[in-house]
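Here is the structure we will look at, set down as structure tokens.
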Amino acid sequence: MTGNSDPKKEILAGIDRPLRIGTRESPLAMVQAEMAASAILSAHGWRPDQVELVPMVATGDKIQDRALADVGGKALWTKELDRALRDGDIDCAVHSMKDVETERPDIFTITAIMKRADIHDRLIGADSIDDLPQEAIVGTASPRRKAQLLRRRNDLDIRLIRGNVQTRLKKIEDGEFAATLLAAAGLDRLDMTDIGAEISTDIMLPAPSQGAIGIETLADSNHLRRVVREISCPNTSRAVTAERLFLQELTADCHSPVAASATIEGLRIHLRAEILLPDGSECVSDAFDFDMGDVAGPKRLARKLLGQASAELKAIFGR
């Protein structure tokens, strides 16, 4: 390597085969992987044949009859990709960040987080939560959405619904459920922008990291980290990191109804968050502003919410 060499060309020269991008093979996951691939191609001026998608079936996609929180949690979305990345079968993995555990093995690192999409939830089957019929059957697999719905409408009959976006929409169409909730970001990425009614974040604060796509590499793969980090959005990365630090301090798991949303305001981060009992009967919420480099800020907010919570609510978060 000479002092006059082009760093981007050196990175490209170090990859003597296509960059292998691992992804779940669900329709939404494939679209998100294609977005990441396109961004990498554009960032480096590569040809289309210099990236390759490697789809695989996640355990979470195979289990359709139970809540994932009961059989392994978020790891069921990542473990196949983790194995492939660890064994060298792929060079990086694309994840929906809200599905990635807050505690990850040290050999992996989230190298890039792409610019965030719409963070809202959308209601499918009615124009608003208040418009749902009395005791309507609403499908969701999310403890957060269930608690938030029951907080507003404790008459609703909340039942488990599983499957990809298309499968869930079909269940609404067939009358199996009166309604369901889906992330606006996923619907938009599937070109379903006209489906569903947007729910205000004042009614349903989103899941931490909702709307964000992350790309993970091995921590010691320096050349691959240089390739991938070119597509990272700094402000999205800062916001998502704050939300994940908040979750980490709570010791929240897939059973924990929790919501958080961070926004960047100049050199400061504004973090809104709430924790709830599963039946929505208790909700503790607050917001906190802190400097961008203050990694303890999200943790202070988590401790504040726990300090205001009942013993029953604290117990849900491992406290």
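List of remarks:
- Acute angle (nearest 10 degrees) that the helix 27-44 long axis makes with the longest principal axis of the chain, alpha-carbon atoms: 40 degrees
- Stokes-Einstein D (µm²/s) once Rh is taken as the Kirkwood radius of segment 243-316 over alpha-carbon pairs, at 37 °C in 0.692 mPa s: 265 µm²/s
- DSSP-defined beta bridges in the chain - what % are antiparallel, rounded to 5: 70 percent
- The amide H of ASP279, built 1.01 Å from its N in the peptide plane, has no neighbour under 5 Å, considering only residues 5 or more places off or on other chains.
- Helix 234-250 and the longest principal axis of the Cα set of the chain meet at an angle near 50°.
- Counting 0.36 nm for each residue step from ASN235 to ASP286 and taking away their Cα separation leaves a gain of 16.2 nm.
- Simple Cβ-charge dipole of the chain, Lys/Arg +1 and Asp/Glu -1, about Cα centre, in debye nearest 20: 640 debye
- Cβ-based exposure ranking for ASP130, ASP16, ASP118, in which fewest neighbours within 10 Å come first: ASP16, ASP130, ASP118
- Taking label points 7 Å from Cα along the Cα-to-Cβ direction, ARG17 and GLU176 give a separation of 4.0 nm.
- Counting neighbouring beta carbons within 10 Å and listing from fewest to most, the residues LEU190, LEU245, LEU305 come out as LEU190, LEU245, LEU305.
- The angle between the Cα long axis of helix 75-86 and the longest principal axis of the Cα atoms of the chain comes to about 10 degrees, rounded to the nearest 10.
- Dipole-positive endmost among LEU149, ILE137, PRO48 within the chain (Cβ charges, Cα centre): PRO48
- Remark: for residue pairs LYS146/LYS170; LYS170/LYS314; LYS170/LYS304; LYS115/LYS146; LYS79/LYS115; LYS98/LYS304, the C-alpha separation exceeds 31 Å in LYS170/LYS314; LYS170/LYS304.
- Computed magnitude of the charge dipole of segment 139-294 (debye, nearest 20; Cβ of K, R +1, Cβ of D, E -1): 360 debye
- Spin-label model distance (nm) - GLN248 vs ASP49, 7 Å beyond Cα toward Cβ: 4.3 nm
- Ranked packing of 296-302, 51-57, 209-215, most packed first, by mean Cβ within 10 Å: 209-215, 296-302, 51-57
- Among ALA273, ALA296, HIS255 - extreme Cα towards positive end, dipole of segment 243-316, charges at beta-carbon: ALA296
- Among ASP82, ASP191, the ranking by other beta carbons within 10 Å of each residue's beta carbon, starting with the fewest, stands as ASP191, ASP82.
- Using R0 = 30 Å, the C-beta based FRET efficiency linking LEU267 and GLU34 works out to 0.30.
- Total charge dipole magnitude, segment 86-218, about the Cα centre, Cβ charges on Lys, Arg, Asp, Glu only, Debye to nearest 20: 260 debye
- Modelled spin-label separation between ASP89 and ASP220, with each label point placed 7 Å from Cα along the Cα-to-Cβ direction: 2.1 nm.
None of the figures in this text is laboratory data; all of them are computed from the coordinates on show. Keep in mind that this is a model prediction, so the values were computed, not measured. Neighbour counts are summed over all protein chains in view; Cβ atoms, including those assigned to glycine, are modelled from backbone coordinates with ideal geometry.
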